[in-house]
Amino acid sequence: QVQLVESGGGLVQAGGSLRLSCAASGRSFITYTMAWFRQAPGKERVFVAGINTSGSTRSYADSVKGRATISRDNAKNTVYLQMNDLNSEDTAVYLCAGRRFLPPSIYATSYEYWGQGTQVTVSS
């Protein structure tokens with residue numbers, strides 16, 4: 001089992017950048033595929049980016065492609081999401097998710113473990 005804690009959210013102006021972190025506790029982090037989702041008020045939780053266990057495969061939602069980079073440091077049990085050129089549509093709670101062994105999925109229901117989320121607010 002793994003516990004996930006996100007950090008790095010905050011208030012940022014449109015056009016700015018943020019780097020979110022998700023620290024995992026527990027053993028065998030390297031066996032977990034990791035992903036970032038986001039959920040805006042009154043909306044469904046949607047996939048943002050995913051990364052496989054080694055970091056060799058990454059996938060992105062079309063809405064963030066070219067502006068986001070997901071990465072992981074298995075020595076630090078941490079996954080990151082770098083977001084650039086932020087706009088108001090990026091405002092949401094960003095959640096880290098993990099599942100063992102399987103490739104990244106865009107479906108929230110396929111992930112076993114979730115963090116509490118970190119709020120990102122983009123002001124125009």
### Summary
antiparallel share of DSSP beta bridges within the chain, to nearest 5, in %, is 90 percent
### Task
Could you work out the local net charge near SER28, counting Lys and Arg as +1, Asp and Glu as -1, over the other residues with Cβ closer than 14 Å to its Cβ?
+3
## Note on the structure
The relative contact order of the chain, taking Cα pairs under 8 Å that sit 6 or more residues apart, comes to a percentage of 36 percent
### Summary
Averaged per residue, the 1.4 Å probe accessible area of segment 12-124, protein heavy atoms only, in Å², is roughly 51 Å²
### Message
Heavy atoms of the protein only, probe of 1.4 Å, neighbouring chains included. What is the accessible area of ARG19 in Å², nearest 10?
### Response
130 Å²
### Task
Mind jotting down a quarter of the surface of the convex hull over the alpha carbons of the chain, in square nanometres, one decimal?
6.7 nm²
## Note on the structure
Ordering ASP90, ASP73, ASP62, ASP85 by the accessible surface of their heavy atoms, 1.4 Å probe, largest first, yields ASP62, ASP85, ASP73, ASP90
## Note on the structure
Summed over the other residues with a beta carbon less than 14 angstrom from that of ASN77, with K and R at +1 and D and E at -1, the charge totals +1
### Query
Using a probe of 1.4 angstrom, how much of the accessible area of segment 1-77 is carbon and sulfur, in percent?
46 percent
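The values are calculated or read from the model by the stated rules, or taken from the named source; none is laboratory data. Remember, predicted model here, so these are calculated numbers, not experimental data. Every residue, glycine as well, gets a Cβ built from its backbone with ideal geometry; the counts of neighbours run over all protein chains shown. Just the protein is used for accessible areas: all its heavy atoms, side chains included, with ligands, DNA and RNA removed. Shrake-Rupley method; radii C 1.70, N 1.55, O 1.52, S 1.80 Å.
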